[in-house]
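Here, each number is a calculation from the coordinates, and none is a lab measurement. Model, not experiment: these values are computed from the prediction. A quick note on method: Cβ atoms are made from the backbone with ideal geometry, for glycine too, and the neighbour counts reach across all protein chains shown.
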Amino acid sequence: MQAKKPKNGVKIKPKSKEHYVNSKKFKEAIAKYYDSDVCGEDLGEMITKIAHGLSYAPNFINYSYKDEMIGDAVVKMFTALFNKKFNLDACDSNGKKYNPFSYFTTIAFHAFINRIKKEKRHHEALNEYKERVYEETLNSSDEAEQKVYVKPISEDDALYD
């Protein structure tokens, strides 16, 4: 990858790497934790960077509950770390050792997906409740004979008519 050429004599700064985690240093920090059972500040910062960095992925960036997603991911990654789920000595079929960065990123990814599912269920339950209360309010009033409530048809219901 070539460096960007300066425009009009002004050097272009490379993008900030505030969410970058060096895989080798991350693996060393995990090994140090496994030996001493003391989680250093650098290891905690690396785990948080993984969660924050993943939150900027295009499929997660526009959610209003992004902070909850990050929090869930950090909790899941620390749980995996404290339970020593990542095997430092494990190798794939080619004899190559596994990457801890990809392991913890996968944990964060699944935590994000689970939070999205949870928020979707909550949103659907809230909408069902609102619809039921609205229908009951319209149909239970004293002048109910004069008012008619027609439940909106969803696209799925329209296909079966």
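Report, largest value first, the span of the C-alpha coordinates of region 31-81 along each principal axis, in whole Å.
39, 15, 14
Give a residue-ordered list of calculated ³J(HN,Hα) values for region 57-73 (Karplus: 6.51 cos²θ - 1.76 cosθ + 1.60, θ = phi - 60°; whole Hz; x for Gly, Pro).
These are the phi-based 3J(HN,Hα) values: 5, x, 7, 10, 6, 9, 7, 6, 9, 5, 5, 5, 4, 5, x, 4, 5 Hz.
I need the peptides 87-93, 103-109 ranked by packing, meaning the mean over residues of other C-beta atoms within 10 angstrom, with the highest value on top.
Details: 87-93: 8.9, 103-109: 19.7.
Highest-to-lowest ranking by the protection proxy: 103-109, 87-93.
For a bin width of 10 Å, list the pair-distance distribution of region 23-121 built from all Cα-Cα distances, rounded to whole %.
15, 46, 28, 10, 0
Go through 114-124, 50-60, 70-80 and give me the packing order, highest mean Cβ count within 10 Å leading.
Going by the mean number of other Cβ atoms within 10 Å, highest first, we get 70-80, 50-60, 114-124.
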